[in-house]
Each structure stands twice: as structure tokens, then as C-alpha cells.
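The values are calculated or read from the model by the stated rules, or taken from the named source; none is laboratory data. Owing to the predicted nature of the structure, the values given are computational and were not obtained by experimental measurement. We place every Cβ from the backbone using ideal geometry, glycine too, and count neighbours over all the protein chains shown. Protein only, heavy atoms only, side chains kept; ligands, DNA and RNA dropped before computing areas. Shrake-Rupley method; radii C 1.70, N 1.55, O 1.52, S 1.80 Å.
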Amino acid sequence: MDNQSTSSALTRIQSLLDEFSFVEVGRLVEARSTDFNMAEKKAPSDGVVTGYGTIDGNLVYVYAQDAAVLGGSIGEMHARKIAGIYSMAMKNQAPVIALLDCTGVRLEEANDALFGLGRIYKKQTLASGQIPQITAIFGNCGGGLTVLAGLSDYVLMAEGAKAYVNAPDAVLGNKDDAIAKAAKREEYGLVDFDGTEDEVFAQIRKVVSVLPGNCEDGGVLDECTDDLNRAVTGFDTLSADEAVQQLADNGVFIETKKGYSHDVVTGFAQIGGETVAIVANKEKALTWKGAEKAAKLVTFANAYDLPVITVVDVTSYKNTECTESHMPTSAAKLAYAYANADVPMITVVKNALGTAGLSFGAKALGADVVYAFNNSKIGVMDAAQAAKVVADSDAEAEKKFASENTALAAAKRGYVDEIIAPEETRQRIAAALQMLGYKSVYRPDKKSGTV
């Protein structure tokens, strides 16, 4: 690449990877098209730097687009280079990191460019569940490039970046770029993390350090520098954000889809040095977005053999028209994700009422160990509401339902394995993880599920 392009694509790669570790692949590749005076346009490396290097000694493959070269647009050879990097990454079982800065498909190359983009979609689909795919958006992420981000496992967005399918000024009712800049906000659900370029690079390095390099490696195991027997005082009264940090070694929690759906928190942490996925309810009423957010993390964890820790504190579905219309399919995705998972699953119940509570890693869905507290409520419905439906709010009926909605009643029926003291939660989870280290599950042969 020339000096102009070095300032963006190559510099970003060098800022991300370990010093002097990057090896470029395909540096001399050029565009083949001569239509629309393309032969006269200077396009070093066809606008994308591809290669491999290390992050904290871990092998990764990376590509970075350069907006200074034809707007970073995807042409035939540009796409071929990216597809080639995917082929290398899958052969060598290492993550792919994409640094996007692109206006979209290169119009001058027409169908050749479009076919090239489709080839990348295919590679990403084949790589899904085999190797982690991490995408960071810098500058523009236009048109079909947003699909590249959507096919990734973890997406980051730098300050000032824009993500859009249609040009912002072409969207009906939108006269500025507010929609493009808002891709990181809660209503979109595309982005896991946003910040400055330096913060994005630091977060990528953090994510790579805790995730396995591929689906064959199993969970990451590091030396634990935190006390496995550390008590978590008042765990049953902590907010979800506080709870997940208290469970994690040294309080380090990497949140996913942070701005999307505030009723559920999801992310990665290490407990006893082992990487786990954690799902926790932030609000007692579950939204359809929260259900899908949780399902996505559980599905990812199952693909990469990461244990799933669930802290359940939910009593109903959100009572809104939007949730009512979406929840049947969203709740199905959540229940399916848990029931389909064959990784170690440990569930801690604060409150779990109705099918909303059932969907979050219940014993019936395959949880290996379920803990609850003395004051946990577990049942089909709130006692007062159940009595109103069954016995016209009869006081004795409400008392009966209240006695059934207890952790003790659930434990007597085998739906809870043990009632524990809240402060013991971290040490109990750590011990259960060690016990489940060699979990093996037989499943009937089939090609794929359909949910």
C-alpha cells in the first residue's frame, strides 16, 4: 500500500495487533476491471489490507478496508482477498477480525463486485460456529456491508462511524445521517460495543483474550487470581449489573449488545479462570428483544463449548402490544437455545414465575445444576393473580398458591437442586463448573434444528 493508504488500513491493523507481528497477504493484488476508466484509477491492493498476526500471542486473521482507495468499496479482487483470508483462518482454526470502512459495492465492477460480496457472505456462514468473527466499524459501513457485520459474532463501532443499508438521505422521512449513526443504539441491536478507536482496539484485544480461537479448543482456561471462595454479600439483592461483576473473576465482565434491550444483561466473564457466558435479568418483565438477546448469547456459547451461567429474576412477559406480537417467536428462540445447548449449564434463581421464568435455563430445559435462595419465588404465576383466576381472589387459595411458589416446594419436586445462601453463589458456581468439566451429551442424529 502507498503512504496515503498506510495512514488508515495498515495503521489500524498495527494498532490492534502485537508489535511487529503482522504479515500481509495479497499486497500486490490489483483490480482487473477496466470499465469506467478503472485502469486509470490508482487502487493499491484494491483497497483492502489482508493478513495475519497475533494478539497477546494468539493467532488471528485480519482485514482492513481503506476509504482512501475508491472509498474502500468492495470490488471483485477486494472481495477475493477477504474470502482468501477466511479460507486461511478456517484451515488454521483462528478468529477473523474485520476492520470495516467502506461505502458499499463498487458500482464500476457491477456483477463481479456483487458476486464477490456474496462469496464473503458464504465464507462467513461456513465460518459461523467454527471460528469467532469480530467486526469493527470505522467511517462508513454502507449497503451490503452491514450484512457482513450482522453475520459476525461481536460487533464494535468507533465514534463517528455510520452503518446503513440505504443511503441516509434516501430513507423516507430522514434528511440527515441520524439513522446511520444510531446503529449502535438499543432499537437496532447490531453493535455490542462503541467508543473511540483506541477503546475499540482495546476491547477487541480483551474479547480475543477470553474467547476460544475455534470450536475445537473448548473453553479458555487461565490461572485464577481471584478467591474461588469469595463471598458475595447480599447477592440476592444486587442488581443484574452488580451481580454479574461480583460473580466474575476480579469483576471483569465483557458485555454483549450493551445498548440493546435493557431488561437483560449478557456477556462473557471468567469464573475460576474458565471463560463462561452469563445471562441475567435486569427487569422482572421480559421483552421480546431481551429474549432474543439472551438466546443469541446461549447459541454462541453452545457453538464454542462455553458454560452458560444464568441468573433468573423474571416474573412475567412485558405487557405491551409490541411484546405481545413478537413474544411467541422470541420466547421460542430462547427456550430452543437453552434446550438445544449441550454445554454445562448452571442456573441461579432469584425469581422464576410462569413460562418467562421457565425459558431461562430451567431444569426442564436441561440445566445441570439449579440453585435457589430461601426467599426465591418459583411457580406458574404470582400467588394473588393465580388465586384471582382460580378462586375469585379467595384468601385461602392465595395462601395455598404462595406456599407452592417457594424454592422449598420446587426443591421437593426436584426442580431445584439445592437452596443456598446468597453469599455462597460464586463459590457454588465455581465448584459446579469443575464438576461439569467433562460433560458429554448424546443427541439423536439430525442435520439441523429449525428454530
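Remarks
- Residues satisfying the criterion are absent from the range 258-274 (criterion: over 21 Å from Ser440 (Cα atoms), acidic (Asp, Glu) and out of contact with any strand residue (DSSP E or B) (no Cβ under 7 Å at 6 or more places or on another chain)).
- Qualifying residue in the range 27-49 (condition: closer than 23 Å to Val207 by Cβ, surrounded by fewer than 19 Cβ atoms within 10 Å (Cβ to Cβ), modelled with pLDDT of 85 or more and not charged (D, E, K, R)): no
- Any helices (runs of 4 or more DSSP H) falling wholly within the range 64-169 and containing at least 3 residues that are in contact with a strand residue (DSSP E or B) (Cβ under 7 Å, 6 or more places away or on another chain), over 19 Å from Arg205 (Cα atoms) and of a type outside the set (Ser, Thr, Tyr): 76-92, 110-127
- Test: Ala183 is among the small types (Gly, Ala, Ser), in a helix (DSSP H, G or I), closer than 25 Å to Ile137 by Cβ and at pLDDT 95 or above: no
- Pairing each residue of the range 373-400 that is farther than 30 Å from Val232 by Cβ and open to solvent by less than 100 Å² (accessible area, probe 1.4 Å) with any residue that is hydroxyl-bearing (Ser, Thr, Tyr) and not in a strand (DSSP E or B), provided the two are 6+ apart or on different chains, yields C-beta distances under 9 Å for Ala384/Ser393; Ala387/Ser393.
- Scope the range 330-389; condition assigned to a helix (DSSP H, G or I), small (Gly, Ala, Ser) and within 25 Å of the chain's Cα centre (by Cα); matching residues: Ser330, Ala331, Ala332, Ala335, Ala337, Ala339, Ala356, Gly357, Ala364
- Residue count for the range 403-442, restricted to those that are open to solvent by 50 Å² or more (accessible area, probe 1.4 Å), of a type outside the set (Asp, Glu) and in a helix (DSSP H, G or I): 8
- In the range 238-261, of all residues being touching a residue at least 60 places away in the same chain (Cβ under 8 Å) and either under 16 Å from Thr310 (Cα atoms) or assigned to a strand (DSSP E or B) (or both), the one that is most open to solvent (accessible area, probe 1.4 Å) corresponds to Gln246.
- Beta carbons closer than 7 Å, at least 6 apart along the sequence or on distinct chains, pair a first residue in the range 434-451 that is more than 30 Å from Leu228 (Cβ to Cβ) with a second that is acidic (Asp, Glu) for Arg443/Asp342.
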